[in-house]
Structures are given as structure tokens and as C-alpha cells.
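Right, one structure below, let's go through it.
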Amino acid sequence: MNILFSLFAIVIIIVAVTLGVETAKLDFLFGVIIPYAAIATFILGIVLRVIRWARSPVPYHIPTVAGQQKSLKWIKSSKLESPSSTLGVIGRMCLEILLFRSLFRNTKTELKNGPVLAYGSSKYLWLGALAFHWTFFVIVLRHFRYFMEPVPAFVPFLQDLDGFFQVGLPILYASDVIIVAALTFLFLRRVFDSKLRYISLASDYFPLFLILSIAITGILMRYFTRVDIVNVKELALGLFSFHPVIPEGIGVIFYIHLFLVSTLLAYFPFSKLLHMPGIFLSPTRNLANNSRTKRHVNPWEYPVRVHTYEEYEDEFREKMKATGLPLEKELEEK
Amino acid sequence: MYDSGKIILGLIIFVGLFTSPIWYDLASGKAADKPNLVFPTKEDQKECVNTAEYMREFHMDLLNVWRDEVVRKGVRTYTSNTGKHFEMSLTKTCTGCHSNKAEFCDQCHNYLGVTPYCWNCHVEPHSAEIKR
């Protein structure tokens with residue numbers, strides 16, 4: 001049901017933009033207005049969301065670590081897994097963001113015949129996620145050849161690396177192959193694992209389908225039904241220099257691609273995809289494990305009126321003496 | 001807002017990165033530039049092997065097929081859709097008319113960051129020097 005809903009949403013998006021561009025000639029809407037609105041929603045949405053997160057306090061010091069905390073000199077501490085300094089935290093965050101360190105620890109729990117509960121390491125999710133995120137990143141960076149004039153030097157470098165094996169012409173990019181494979185795996189994983197299927201929602205399938213359809217339309221344009229990419233760059237540069245133009249004769253498949261990307265950008269600040277900024281603001285990762293050396297004060301702690309034992313004894317000294325309870329300070333003799 | 005220094009710095013980096021094409025194009029001032037192709041002059045203008053639309057989108061596929069046909073099968077003659085025969089040769093047929101790489105090939109290739117490996121083997125044509 002969730003799968004069908006998400007798939008149907010993608011089909012509606014594609015049909016809408018096809019009709020809009022082909023029949024209604026709404027090139028300007030789909031080529032200029034919607035991309036602008038989507039980029040604005042993306043940037044503003046994330047900024048506001050991050051500010052909202054930053055306004056909520058972190059009451060407890062909660063780094064979640066998997067290593068020896070720094071304590072006595074002669075006990076070897078784990079500087080990256082359980083960092084006690086800012087530098088260590090930066091290192092740990094880099095491992096997390098660039099290599100998905102905690103996902104590498106992913107385990108699976110299975111009930112085997114017996115019945116025996118078996119635990120095991122499960123690296124496929126880590127591998128699939130890493131493959132998907134990195135190739136998506138490379139693909140976004142490669143697109144800077146459309147956004148920047150003159151083309152920045154990192155683009156040809158990435159293109160050469162990505163098309164290292166020089167298969168076909170235009171050269172087949174490894175990232176194009178890997179991203180489709182990785183997304184397909186991430187989707188099938190949700191479908192074939194009954195436990196995962198049970199907890200998967202439409203909001204899990206929709207981003208997968210959305211990014212997959214973006215990748216497929218892009219691949220179609222590169223290898224099969226071409227569009228005039230000189231015009232595409234003219235449109236992109238027009239957007240970024242705030243002189244929007246709609247060049248004649250860009251195929252409808254480009255508008256489908258663009259509208260899907262716009263959908264992704266606009267959907268971003270309201271979805272699970274917010275883990276992109278969210279990873280930086282995770283208190284379990286971005287706090288140093290130094291609770292033994294530095295006191296973490298709850299930011300919304302207010303002065304609490306306390307009743308100390310001394311005050312208690314002062315109040316009840318005579319009664320305590322009368323019942324024979326021990327006193328820290330004896331009654332003063334009058 | 002807690003840790004406002006770090007949060008604001010992070011947000012500035014985020015917005016800066018995602019709007020970088022705007023600043024880059026503003027700094028370079030070349031956002032309005034377009035490829036300016038110089039086509040063969042009237043006297044040496046002959047019929048191309050295919051239509052301009054086809055060549056714009058599929059010239060790389062055509063060249064790839066030609067390369068394979070010549071190098072691997074030894075076939076050297078190409079019959080166009082109009083029935084004309086051409087020699088499958090980048091140097092003789094293609095750059096015979098489009099004789100200036102900088103004013104023809106490079107215009108779009110540089111604009112779009114395309115770095116074809118044709119010229120790893122083939123000699124680059126220069127309009128004035130070429131003699132056939």
C-alpha cells in the first residue's frame with residue numbers, strides 16, 4: 001500500500017509535468033518559477049529547521065560511545081570512538097558523516113530453528129547506503145558544469161575519475177551504474193525483509209522512488225534520448241544569475257528531471273531527508289565524552305529552593321532530641 | 001538559541017555552498033556567455049554526413065561507431081541517409097570542413113566541461129595551416 005502510494009505520487013508528478021509542458025506550454029512555470037520556489041523552500045526550510053533545533057536545550061550530557069573513556073593516564077582511551085577533546089569529536093563526526101561509522105556496527109537479530117536467537121553483523125545496509133550517498137554526491141558535483149561558467153576544474157577531474165574505464169561514448173559513468181544499483185538494493189531490502197516491510201512507511205519509499213526517478217531520467221538524457229545541453233546550461237545559468245530564460249527546444253524529459261529535482265528540494269525540509277543537517281546536531285555524536293572532567297549544566301536549570309539537612313535539623317532539633325534521634329549539632333544549653 | 005556561534009557558522013557554510021553558483025557566476029561575469037560556433041564558409045561547405053539536429057545530439061555515437069568500424073572491421077565507407085558516401089575519417093571528413101577546433105569543437109565542449117579523448121591520438125586541426 002505504502003509502495004503503491006509512493007509510486008503513484010511519482011507517476012502523478014511525471015504526468016503533470018508532461019502535460020504541463022507538452023500540452024499547456026507551461027515552460028516558464030516548470031523551468032523557472034517552480035525551481036526558484038523549490039530552492040527557496042529548501043534553503044529557508046533547512047535554516048529555519050536548524051534554528052528550531054538549536055533553540056531546544058540539551059539537558060543531559062549524552063554522548064553515546066563505543067570505546068574506553070579517557071580517565072587515568074595508564075588506561076588507554078579510544079580517542080576517536082570515545083573522544084574527550086574537540087579535535088576527537090571532529091574526527092568522530094568525520095567518520096560518522098563520511099564513512100557512516102555507526103551504521104558499520106549494524107547488527108541483525110534472527111530467530112533460528114531451535115529456537116535460537118542469533119545475532120550477527122550486517123554490513124549490507126552500510127555498503128548500500130555508502131554507495132548511494134557518495135555517488136549521489138559525485139553526481140550533484142558533476143552537475144556544476146551546468147551551474148558555473150567557466151566550468152570549475154573539479155568537474156573534469158570528477159568526470160575523468162567517474163568514467164575511468166572509458167566504456168562507450170558518451171563515456172559510461174560508474175556513479176550512474178552504482179546509484180541505480182544501490183537505490184534498487186535499498187528498495188528491495190525494504191520489500192523482502194518482512195520486519196522492515198512492516199515498519200516502512202510511504203515516507204520511506206517516496207524519497208527512494210523520487211531519487212531513483214531523478215537518476216533514471218538523467219541517465220536517459222545522457223545515454224539515450226538526448227536533449228540540447230547547451231540550452232540546458234543556458235537555462236541553468238539564467239536561473240543562477242537571476243536573468244531567467246527559457247531556451248527553445250529542450251525536450252520534455254529535461255523538464256521531468258528538473259521538476260523531480262524541484263520536488264526533492266521542496267520535500268527535503270519536511271521529511272526524513274533532514275538527517276543531512278540533523279547528523280551535525282546529534283548530541284549523541286557531537287558531544288565530547290568528558291563528563292568526568294567537565295560538569296555539564298542543564299541549560300534550563302533554574303535555582304531550586306532546597307531544604308538541606310542542617311536546616312531540617314534546625315527545624316526539628318528539639319523533637320528529634322525528645323525521641324532520642326542522633327543529632328549532628330547538640331541542643332544549646334540554656 | 002544554544003551554541004549560536006557554531007550554529008550560525010554552520011548555516012553560513014550551508015547557504016554559501018548551496019548558493020555557490022550564484023557567487024561564482026557573479027564573480028566570473030560570464031553567465032550570459034554562449035558557445036559561438038564558426039561554421040564552414042560558403043565555398044568549402046559540403047553536405048554533412050547527417051542533419052544538424054542529429055549531429056548535435058549524436059555526433060559522439062557516430063564517431064564511436066566509425067572508430068570501431070575502421071579500426072576493428074576495416075570498413076572505411078559510410079553511407080549517409082541521403083545515399084551519399086563518405087570516408088569514415090575524423091581528420092579527412094569531419095575536420096575537413098570543420099577545420100578549426102577552437103572555433104567549433106571546443107566551443108560547446110568547453111562550455112559544458114566535456115573533455116573528449118579524440119585528440120589523444122588525432123592531430124588537432126588549425127584552420128590556416130590545414131592542407132589536404
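Please treat every number below as a calculation from the coordinates, not as lab data. Since this is a predicted model, take the numbers as computed values, not measurements. Every residue, glycine among them, receives a Cβ derived from its backbone with ideal geometry; neighbour counts consider all protein chains shown.
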*asked:* Residue by residue through the stretch A:60-69, what is 3J(HN,Hα) from phi via Karplus (6.51 cos²θ - 1.76 cosθ + 1.60, θ = phi - 60°)? Round to whole Hz and write x for glycine and proline.
replied: 10, 7, 10, x, 9, 10, 9, x, 6, 6
*asked:* I need the Debye-formula profile for chain B: one equal scatterer per C-alpha, no solvent, reported as log10 I(q)/I(0) at q = 0.09, 0.13, 0.20, 0.22 1/Å, two decimals.
replied: -0.43, -0.68, -1.28, -1.46
*asked:* Going through the cross-link list A:LYS76/A:LYS294; A:LYS123/A:LYS195; A:LYS76/A:LYS272, which pairs have a Cα-Cα distance over 28 Å in this structure?
replied: A:LYS76/A:LYS272
*asked:* Can you give me the Kirkwood hydrodynamic radius for the protein assembly as shown, using every pair of distinct Cα atoms, in Å to one decimal?
replied: 27.7
_As I understand it, the value is the acute angle between the Cα axis of helix A:86-99 and the longest principal axis of the Cα atoms of chain A; what does it come to in degrees, rounded to 10?_
40
_Modelled FRET efficiency - R0 41 Å, A:ILE279 with B:SER89, Cβ distances, 0.05 increments_ = 0.15
_Modelling each spin label as a point 7 Å along the Cα-to-Cβ direction, I'd like the A:PHE270/A:GLU318 distance in nm, to one decimal._
7.0
*In whole Hz, with x marking every Gly and Pro, tabulate ³J(HN,Hα) for the stretch A:190-195 from phi via Karplus 6.51 cos²θ - 1.76 cosθ + 1.60, θ = phi - 60°.*
6, 7, 8, 8, 5, 5
*Label point 7 Å out from B:ARG67 along Cα-to-Cβ: which residues of the stretch A:143-169 have amide N under 19 Å?*
A:156-169
_Give the lysines reachable from B:LYS34 as a straight Cα distance under 21 Å; neighbours fewer than 8 places away on the same chain don't count._
A:LYS233, B:LYS101
*A:PHE192 to A:THR64: FRET efficiency via 1/(1 + (r/R0)^6), r the Cβ-Cβ distance, R0 41 Å, to the nearest 0.05?*
0.85
*What are the chymotrypsin sites (Phe, Trp or Tyr not before Pro) within the stretch A:254-334 that DSSP puts in a loop, where the Cβ has at most 12 other Cβ atoms within 10 Å?*
A:TRP300
_Distance histogram for the stretch A:40-179 (every C-alpha pair counted, 10 angstrom bins, percent rounded to whole numbers)_ = 9, 20, 28, 25, 14, 4, 0
_Neighbour net charge for A:LEU158 - beta-carbon separation under 15 angstrom, K R +1, D E -1_ = 0
_Spelling out what I want: for every residue of the stretch B:116-123, take phi, set θ = phi - 60°, compute 6.51 cos²θ - 1.76 cosθ + 1.60 (Karplus), and round to whole Hz; glycine and proline get x._
x, 8, 3, 7, 5, 10, 6, 7
*asked:* Once the cut-off is 18 Å, how many percent of the Cα-Cα pairs in the stretch A:291-334 end up in the long-distance tail?
replied: 51
*Å³ per residue of the Cα convex hull, for the stretch A:208-334?*
253
*Mind checking the full-extension length gain between B:ALA27 and B:ILE12? Use 0.36 nm per residue of separation minus the Cα-Cα distance, one decimal, nm.*
3.5 nm
*Quick one: net charge around A:ALA131, please, counting Lys, Arg +1 and Asp, Glu -1 for every other residue with C-beta under 14 Å from its C-beta.*
0
*Evaluate the distance, in nm, between pseudo-label points positioned 7 Å from the Cα of A:LEU72 and of A:PHE164 along their respective Cα→Cβ axes.*
4.9
*Could you please report the charge total around A:GLN69, scoring K, R as +1 and D, E as -1 over all other residues with beta-carbon less than 12 angstrom from its beta-carbon?*
+3
